[in-house]
Amino acid sequence: MSKLSDRIRDASRHGGRAFGFGGAREDSAGSARGLLVAAAGSSLNGADVLIVSADHAQPGAVDALIHAVAESGADPPVGVEPEMLTAESVSAAEEAGASFVVFRTDSATADGLLSEKLEYALRLSPDSREPGELRAIGSLHPTLVIADAVADPLPVTALLRLRQIGMSVGAPLGVTVPPHASSAMLEALRDSGVAMLILSEPTLKHVEALRARIAEVPTRARRRAAPATALVPNIAVAPEEDDFDE
């Protein structure tokens, strides 16, 4: 099952505008803004993705939630975030009809990563900062990496942190945002590799408010390719050695 990755690909396949200095690359027509909205909790409330938290991931509860979502006529990817990712919890998620599971490396066993039916989203620990560790996490090939929650206004240090994660892990990012995040912050997040905006236990009004901000984000219009820029080589000049006559 690849429902989550398909949704992310549909939204992000054309890529965001390069953030910072340098020429912009050409975009194809298609996804205008490239941001999905996810609800973390027990209700979809108009979001694109539902992440059922551990508090609601009790036996039978996930089945009921997924059944209720299906009866509403929606067909979103539904993920489950168990307290421990094990072969048993993954099997239960499969039987409930989940599309993916969310896990942390410090609360998961290796046998829980062997499902061929589910996709995996990794919730990154705030302590995971070393490039080598991030590259090793990338070797697990997660469909999505969920990073730290962000605040508005967005500090540049947090922006660089997201870029470091994206470059090292090589996967789309998800972050928890406030419902009334500014469109400027959302644009910066999108152009730094974020594909999913997560709201914690949102109401329908929260989802609608965030969608209104997303609608204000500049679309990914087709742009003319920037001309090539000449690169100036960095030539290190070795210090001259003095000849001393003895």
Output for segment 121-137, where each listed residue is surrounded by 14 or more Cβ atoms within 10 Å (Cβ to Cβ) and outside any loop (DSSP other than H, G, I, E, B): Ala121, Leu122, Arg123, Glu133, Leu134, Ala136, Ile137
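Being under 15 Å from Ser125 (Cα atoms) and either polar (S, T, N, Q) or over 11 Å from the mean Cα position of the chain (by Cα) (or both) is the filter here; which residues of segment 150-168 pass it? Before you say what the answer is, go through the steps one by one.
From segment 150-168, those under 15 Å from Ser125 (Cα atoms) are 150, 158, 161-162, 164-166, 168; that's our starting set.
Hits for segment 150-168 are Val150, Ala158, Arg161, Gln164, Ser168.
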Whichever residue in segment 166-186 is touching an Asp or Glu at 6+ places or on another chain (Cβ under 9 Å) and in contact (Cβ under 8 Å) with a residue 40 or more places away in the chain and, among such residues, is most open to solvent (accessible area, probe 1.4 Å): Thr176
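Would you confirm whether or not segment 72-81 contains a residue that is within 18 Å of Val145 (Cβ to Cβ), under 21 Å from the mean Cα position of the chain (by Cα) and either assigned to a strand (DSSP E or B) or at pLDDT 95 or above (or both)? Reasoning before the result, please.
From segment 72-81, those within 18 Å of Val145 (Cβ to Cβ) are 77, 79-81; that's our starting set.
Filter again for under 21 Å from the mean Cα position of the chain (by Cα), leaving 77, 79-81.
From what's left, either assigned to a strand (DSSP E or B) or at pLDDT 95 or above (or both): 79-80.
Scanning segment 72-81, I find at least one residue that is within 18 Å of Val145 (Cβ to Cβ), under 21 Å from the mean Cα position of the chain (by Cα) and either assigned to a strand (DSSP E or B) or at pLDDT 95 or above (or both), so the answer is yes.
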Some residue of segment 95-107 being touching a Phe, Trp or Tyr at 6+ places or on another chain (Cβ under 9 Å) and within 18 Å of Ser12 (Cβ to Cβ): yes
Segment 82-119, residues that are surrounded by fewer than 22 Cβ atoms within 10 Å (Cβ to Cβ) and hydroxyl-bearing (Ser, Thr, Tyr): Thr86, Ser89, Ser91, Thr105, Ser107, Thr109, Ser115
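Step by step: first the residues of segment 48-71, then only those that are under 16 Å from Pro202 (Cβ atoms), among the hydrophobic types (A, V, I, L, M, F, W, C) and out of contact with any Pro (no Cβ under 7 Å at 6 or more places or on another chain), then the one that is modelled with the highest pLDDT. Which residue is that?
Step one: filter segment 48-71 for residues under 16 Å from Pro202 (Cβ atoms), giving 48-53, 55-56, 65, 69.
Cutting the leftovers down to among the hydrophobic types (A, V, I, L, M, F, W, C) gives us 49-52, 65, 69.
Checking the rest, the ones that are also out of contact with any Pro (no Cβ under 7 Å at 6 or more places or on another chain) come to 51-52, 65.
Numbers: Ile51: 94, Val52: 90, Leu65: 80.
So the residue we want is Ile51.
The values are calculated or read from the model by the stated rules, or taken from the named source; none is laboratory data. Since the model is a prediction, treat every value here as computed from it, not as a measurement. Here the Cβ is made from the backbone with ideal geometry for all residues, glycine too, and neighbour counts use every protein chain on show. Each accessible area value is taken on the protein alone, full model and side chains, heavy atoms only, with ligands, DNA and RNA left out. Shrake-Rupley method; radii C 1.70, N 1.55, O 1.52, S 1.80 Å.
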